[in-house]
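The values are calculated or read from the model by the stated rules, or taken from the named source; none is laboratory data. A quick note: this is a predicted structure, and the numbers were derived from the prediction, not measured. For neighbour counting, all protein chains shown are included, and Cβ atoms are generated from backbone atoms with ideal geometry for every residue, glycine included.
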Amino acid sequence: MDHEVDYRALTKDNGYVWIRDVVHVVRKPDGEVEALIGFMFDITERKKTEEKLLALQKELEALSFKDGLTNIANRRRFNSAIELEWESARNVGSGAPVSVLMLDIDFFKQYNDLHGHIQGDKCLINIAQTLSLALENPRDLVARFGGEEFIILLPGADAAAALKVAERCQRLIQKQAIAHAQSPHEQCVTLSIGVGTATPGSYAKPADFIDAVDQRLYAAKKNGRNRIEVV
């Protein structure tokens, strides 16, 4: 039977090398240990390669949760976060509240048609950065849900707190005053927002809750846009 152990050894220049010690146990026919034969191998290069691969893996995992254009979280990251927060809320007594905001840029197709997709991308980046400023708590999350649609997760926020965040989002976007000649709302880019607050017992699963909030976003767009609708 061989026994192996890896360890770091200091060098004269205060660096280090990785060493693997392998000890082979030689036994007599009756099982008694007869001798120990040891080997030492320099595995520094192998360890460096493993460390680089691990760092690359972590970087790729981080990128898989980030929207490539706006540099905020993507839909996959949001879905992962709400599953965790939903379960966490379920474990808090009768269930802590979880709030979600769904936001859509009004008349964005017309904006793209008028200004072109490069300017449209800049608008999306601007909106993403602005929405990030509306968040206050460390666990709050803003993500690009798809196209010109964004979503905000507010763990622990009740309905009143969620509405305040939605209103703050609208104010911040209004202050940006992004020109949109084909918008009827002061010819500036605006947002339609659906807001919902629930406890895990209210819905069978997070997806059902998100669908309900999405219906409120649809109502905001149907009722004239540049408005907030609450579940």
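Structure notes:
- Count of segment 1-46 residues which are touching a residue at least 12 places away in the same chain (Cβ under 8 Å) and loosely packed, with under 12 Cβ neighbours inside 10 Å: 11
- Given (1) within 17 Å of the chain's Cα centre (by Cα); (2) over 17 Å from ALA198 (Cα atoms); (3) outside any helix (DSSP H, G or I), number of the condition MET102 does not satisfy: (2)
This table checks each residue for (1) modelled with pLDDT of 95 or more; (2) surrounded by 22 or more Cβ atoms within 10 Å (Cβ to Cβ); (3) more than 19 Å from ARG77 (Cα to Cα); (4) hydrophobic (A, V, I, L, M, F, W, C).
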| residue | (1), (2), (3), (4) |
| --- | --- |
| GLU148 | yes, no, no, no |
| ILE151 | yes, yes, no, yes |
| LEU154 | yes, yes, no, yes |
| GLU167 | yes, no, yes, no |
| GLN174 | yes, no, yes, no |
| VAL189 | yes, yes, yes, yes |
| GLY201 | no, no, yes, no |
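- Every pair of residues 6+ apart whose Cβ atoms lie under 9 Å, when the first sits in segment 69-94 and is more than 14 Å from LEU153 (Cα to Cα) and not assigned by TED's automatic domain parsing to the domain that holds GLN129 while the second is charged (D, E, K, R) and buried (at least 17 other Cβ atoms within 10 Å of the Cβ): LEU69/ARG144; THR70/ARG144
- In segment 161-192, the residue that is farthest from the chain's Cα centre (by Cα) out of those that are small (Gly, Ala, Ser) and in a loop (DSSP other than H, G, I, E, B) is ALA181.
- Test: residue in segment 129-140 that is part of a helix (DSSP H, G or I), β-branched (Val, Ile, Thr) and either farther than 23 Å from ALA89 by Cα or outside the structural domain of ARG90 (by TED's automatic domain parsing) (or both): yes
- Filter pass, PHE145 being aromatic (Phe, Trp, Tyr), part of a helix (DSSP H, G or I) and within 30 Å of VAL92 (Cα to Cα): no
Residues are listed down the side, and each one gets a yes or a no for (1) modelled with pLDDT under 85; (2) in contact with a Leu (Cβ under 6 Å, 6 or more places away or on another chain); (3) small (Gly, Ala, Ser); (4) not in a helix (DSSP H, G or I):
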position	(1), (2), (3), (4)
GLU45	yes, no, no, no
LEU63	yes, no, no, no
SER80	no, no, yes, no
LEU84	no, no, no, no
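- Search result, residues across segment 197-208 that are out of contact with any Pro (no Cβ under 9 Å at 6 or more places or on another chain) and not small (Gly, Ala, Ser): TYR203, LYS205, ASP208
- Filtered by the rule that a residue be of a type outside the set (Asp, Glu) and over 30 Å from SER202 (Cα atoms), segment 86-118 gives PHE107, PHE108, LYS109, GLN110, TYR111, ASN112, LEU114, HIS115, GLY116, HIS117, ILE118.
- Some residue of segment 108-117 being farther than 18 Å from ASN74 by Cα and crowded, with 22+ Cβ neighbours inside 10 Å: yes
- Residues (under 12 Å from the mean Cα position of the chain (by Cα) and among the small types (Gly, Ala, Ser)) located in segment 74-90: SER80, ALA81
- Any hit, segment 209-223, residues being in contact with a strand residue (DSSP E or B) (Cβ under 8 Å, 6 or more places away or on another chain), among the polar types (S, T, N, Q) and buried (at least 17 other Cβ atoms within 10 Å of the Cβ): no
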